[in-house]
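I have placed the structure first, in the form of structure tokens, so that the comments after it can refer back to it.
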Amino acid sequence: MKKLIIYMLIISNQSIGQDINKGEKIMDHIYNKFINTESGSCIEFTYSFKNEAYEMKNPIYGKLSLFSNNRFHLEFNTEENKMIQIYNGENLKTILIAEEEIQIDNMEKANGLVIQSVFSNYKSDFNANIIGEEEDNTIIQLRPKEQYNHSVFNDCIEKLELPHCLKLPNQCKIGIRPDKKEQLNDCLYQNNGYKETNILEVQVIINTINLELQSIKQTNRYNGEVMIDINDIKKANSDILNIEGIYDNFEIIDLR
């Protein structure tokens with residue numbers, strides 16, 4: 001009987017792991033609940049980080065307000081400083097309170113907080129896969145999709161005389177014979193055509209009963225691990241994206 005139970009658990013976990021569409025549907029639901037709302041959502045959380053050489057003794061408290069079109073307002077409170085980061089759809093502002101400084105940069109240069117990055121890019125940059133269930137929680141694993149260097153990829157398409165419509169970024173959806181696909185992969189590996197990502201995987205834990213976000217864990221290369229525990233989620237106010245008149249005496253540093 002014991003062996004039968006173990007066998008059934010293995011089969012169950014395998015079937016869950018193969019259900020990628022279900023994992024993405026749950027992520028869709030969470031995304032729509034957080035972001036595709038009129039007011040957006042404010043997520044209160046604690047943030048911690050560790051790797052082989054360092055481990056945070058005390059988690060950092062933060063608040064992240066998410067809105068449509070990837071806009072967000074992030075506030076971190078540390079023992080040394082308070083930092084605010086705002087993306088209003090045009091540029092990224094990092095406000096350093098103690099230094100009385102505002103840094104302005106382009107969003108594409110910035111690495112967003114794990115929560116913001118996951119819910120902005122889970123469809124385009126990750127494959128979602130349910131890998132397990134623990135009591136009332138569902139664990140969704142997000143594995144990064146392979147990202148190509150466009151120029152190298154397109155050069156390989158030329159060298160192998162593959163259809164030009166396969167070139168990036170506007171790639172057509174046609175099949176490639178297995179032998180040609182293998183040749184393309186070889187060409188990409190030989191010419192450093194794959195972009196290396198720092199992220200190995202992200203695990204998103206969802207409460208199965210009420211479909212609420214519980215935590216996010218991101219595992220990076222070289223054994224780095226970011227852990228975010230969700231404390232509360234409530235409605236946000238998009239007015240916080242406008243800082244006009246609040247920090248008029250702060251020095252402006254334009255990094256664009």
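The values are calculated or read from the model by the stated rules, or taken from the named source; none is laboratory data. The model shown is predicted, which means the values in this text are computed figures rather than measured ones. Virtual Cβ from ideal backbone geometry, glycine too; neighbours counted across all protein chains shown. Note: areas computed on protein heavy atoms with side chains; ligands, DNA, RNA excluded. Shrake-Rupley method; radii C 1.70, N 1.55, O 1.52, S 1.80 Å.
Within the range 140-162, can you find the residues that are within 30 Å of His29 (Cα to Cα) and either within 15 Å of the chain's Cα centre (by Cα) or open to solvent by less than 20 Å² (accessible area, probe 1.4 Å) (or both)? Ile140, Gln141, Leu142, Arg143, Pro144, Lys145, Glu146, Gln147, listed by residue number.
Looking at the range 110-129, can you tell me whether even one residue there is of a type in the set (Val, Ile, Thr), more than 23 Å from Gln203 (Cβ to Cβ) and in contact (Cβ under 8 Å) with a residue 24 or more places away in the chain? Write out each step before concluding.
First, the residues of the range 110-129 that are of a type in the set (Val, Ile, Thr): 114-115, 118.
Then keep just the ones that are more than 23 Å from Gln203 (Cβ to Cβ); that gives none.
No, the conditions are met nowhere in the range 110-129.
Only residues that are open to solvent by 20 Å² or more (accessible area, probe 1.4 Å) and in a strand (DSSP E or B) were counted in the range 219-229, giving 4.
Of Leu184, Leu142, Leu213, all but one fail to be without any contact (Cβ under 8 Å) to a residue 40 or more places away in the chain and not β-branched (Val, Ile, Thr); the exception is Leu184.
Summed over the range 178-189, the residues that are over 15 Å from Glu146 (Cβ atoms) and either touching a helix residue (DSSP H, G or I) at 6+ places or on another chain (Cβ under 9 Å) or modelled with pLDDT under 90 (or both) give a count of 1. Within the range 167-177, the set of residues being under 11 Å from Tyr148 (Cβ atoms) and either touching a helix residue (DSSP H, G or I) at 6+ places or on another chain (Cβ under 6 Å) or aliphatic (A, V, I, L, M) (or both) comprises Lys167, Leu168. Across the range 84-121, the qualifying residues are those that are touching a Ser or Thr at 6+ places or on another chain (Cβ under 8 Å) and modelled with pLDDT under 90, and the one among them that is least open to solvent (accessible area, probe 1.4 Å) is Gly112. Here Glu79 meets each of (1) modelled with pLDDT of 85 or more; (2) over 16 Å from Asn121 (Cα atoms); (3) open to solvent by 50 Å² or more (accessible area, probe 1.4 Å) with one exception, condition (1). On the basis of being surrounded by 14 or more Cβ atoms within 10 Å (Cβ to Cβ), in contact with a Lys or Arg (Cβ under 6 Å, 6 or more places away or on another chain) and farther than 26 Å from Phe49 by Cβ, does Ile243 make the cut? Judged against the criteria, Ile243 is not a match.
Checking every residue in the range 128-137 against the condition of being surrounded by 11 or more Cβ atoms within 10 Å (Cβ to Cβ) and under 30 Å from Arg256 (Cβ atoms) gives zero matches. Going through the range 208-255 one residue at a time, which ones are of a type in the set (S, T, N, Q), over 24 Å from Phe34 (Cβ atoms) and at pLDDT below 90? Scanning the range 208-255 gives a single hit, Asn223.
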